[in-house]
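Undergrad: If you scroll down you'll find the structure; I have some questions about it.
All of the numbers you see were taken from the coordinates with simple rules; none came from a lab. Computed from a predicted model, the values in this text were never measured in an experiment. All Cβ positions, even for glycine, are placed from backbone atoms using ideal geometry, and neighbour counts span all protein chains on display.
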C-alpha cells in the first residue's frame, strides 16, 4: 500500500453567521448583543454587500477589493459546501477530505459576516478599544467557545478548535475558560488577548498571570496569537486607518514572544507552549538575535544586573524549546528558497492552509504543497506539514494514521526532488 502523508493544517478559520451567537449568549447579555449586532458591519464583506451594509458604505471601507470579492463569490458558487465549512461541521470534514487534510487547527473568522461579538478581531483599528467592557468581551468569547465546542464535537480528533480568552482583566475567569476548553474537548489551545494598551489588563509579563500560565502548561493547551487583533484606533478615516492597520497588524501579535521570554515566563513554566500563526516567519530570526544580544552583550544596561542569571537558557533556546510558527500558505510562499526558513530551521514551522479564505491553499492543497515543498528533504516536508503539529498539540499520531491513510495524498504527490 502506497504511503500517504499526514497533513495537519495549523491555520483554518471558523465561525457561524454572527446572528447565531445570540443563542449562545447568557440571556442577561442578549440586549448588549442586540446593540452590537444592530451596528455590526462586516468590514471584509467577503460574502457580498447587503442592503444593511450599503447604508454605511460612505464611512466604512471594504477591506477586500472588487476583484477579490468576485473571485471569492465565484469560488463559493463553484464549491458552495466549502464555504459552508466555516459553520457546518460535516461540510468542513468533507472539504478536508477532498483536500487531503487529516486535521485542522481552527481560529475564529471575520470574513463572512461571522465575527464573534464584542471582540473586534481585525476591526480593532476602526473602533475605540474601550467601546465594549472586559465583561462583555469575556461573554463574547464564551459564546464563541460554546458554539465552537458544539462544532468540534462532530470529530474532535480532526477539528482542533482554538478557544478565546475574552479578557485578562479577571484572571480567575480566564482560568475557568482554560479548564472549560479542556473539559469540552477543544484541542487547539487558546488565543491569548493581544492589546496595545494595559489600562485594566497588564501586559503578559505581570506576575498576576502566573496561575493562568501554570494551568495552561498543566493542561497542555498552547497559547496562540494570530494576525488581526491588538491594534490601536488609528483614524476616523477608514482608508487611512485601514492602511495603517495593514502595515502594523502583525507587529502587535509578535509582542508576546519577547514578553514571555524576557520576563521569565517560559523559564518559570517550561511546559508552556506558544504558537504564532499567520504573521510571517522572517521576523523571528531578528527577534531571537536581538534578545540574545540583550542578555549577552557587556555594553547594555542589563549586563551587570544579577537578575539576568535567572535565565537558564538563551532567549533563542526558549523559543526552540517551547514555541512554534503557524506558517500560513500565504506566509509560506517561497519556502524552498527562503533564507528565513533555512535560518530558522524546519522543526518549529507548521504549514497552514488558511481554509477557507480566498488566499488559502484550499481546494488545491496538493498542487500548492507540491510547488511549495519542491526540493526540500522528505523528513523536513513531513515535519512541516504534520509532524511538528503532532508535537505542538500533543496529538495521537496513531489515532490520526488511519484517517491520513484514507484521505491523505500519496507521498510522491507532494515530495519531489
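Undergrad: What number in nm² do you get for the stretch 8-414 if you take the convex hull of its Cα atoms and divide its surface by four?
TA: About 19.9 nm², averaged over all directions.
Undergrad: What is the distance, in nm, between label points placed 7 Å from the Cα along the Cα-to-Cβ direction at residue 198 and at residue 370?
TA: Spacing of the two 7 Å Cα→Cβ label points: 5.1 nm.
Undergrad: How high is the FRET efficiency between residue 39 and residue 153 when r is their beta carbon distance and R₀ equals 25 Å, given to the nearest 0.05?
TA: 0.20
Undergrad: Follow-up. If you take the Cα atoms of the stretch 126-189, find Rg, then find the Kirkwood Rh from the mean of 1/r over all pairs, what is Rg/Rh?
TA: 1.03
Undergrad: Something else now. Once you put a point 7 Å from the Cα of residue 240 and another 7 Å from the Cα of residue 399, both along the Cβ direction, what distance in nm separates them?
TA: Rounded to a tenth, the inter-label distance reads 5.3 nm.
Undergrad: At each listed q (0.19 Å⁻¹), what is the log10 of I(q)/I(0) that the Debye formula gives for the stretch 340-417 modelled as equal alpha-carbon point scatterers?
TA: Taking Cα atoms of the stretch 340-417 as identical point scatterers yields -0.93.
Undergrad: Another one. Once you sort the root eigenvalues of the Cα gyration tensor of the stretch 157-248 as a ≥ b ≥ c, which label holds: rounded (a/c under 1.5), prolate (a/b larger than b/c) or oblate (the other case)?
TA: Note, shape of the stretch 157-248 comes out oblate.
Undergrad: Remind me, relative contact order of the chain in percent, using alpha carbon pairs under 8 angstrom and six or more residues apart?
TA: Once normalised by length, the contact order is 22 percent.
Undergrad: Pull up the DSSP beta bridges for the chain and report the antiparallel fraction as a percent, rounded to 5.
TA: 5 percent
Undergrad: Can you tell me the FRET efficiency between residue 130 and residue 417 if r is taken as the Cβ-Cβ distance and R0 is 56 Å, rounded to the nearest 0.05?
TA: That gives a FRET efficiency of 0.50.
Undergrad: Mind checking the full-extension length gain between residue 98 and residue 218? Use 0.36 nm per residue of separation minus the Cα-Cα distance, one decimal, nm.
TA: 39.6 nm
Undergrad: Please compute the modelled spin-label separation between residue 2 and residue 183, points set 7 Å along Cα→Cβ, answer in nm with one decimal.
TA: In this crude label model, residue 183 to residue 2 measures out at 4.7 nm.
Undergrad: Provide the FRET efficiency to the nearest 0.05 for the residue 292-residue 342 pair, computing r from the beta carbons and using R0 = 22 Å.
TA: E between residue 292 and residue 342, to the nearest 0.05, is 0.75.
Undergrad: Can you tell me the Rg and Dmax of the stretch 265-308, counting just the alpha carbons, in angstroms?
TA: Calculated on Cα positions, Rg and Dmax stand at 13.5, 38 Å.
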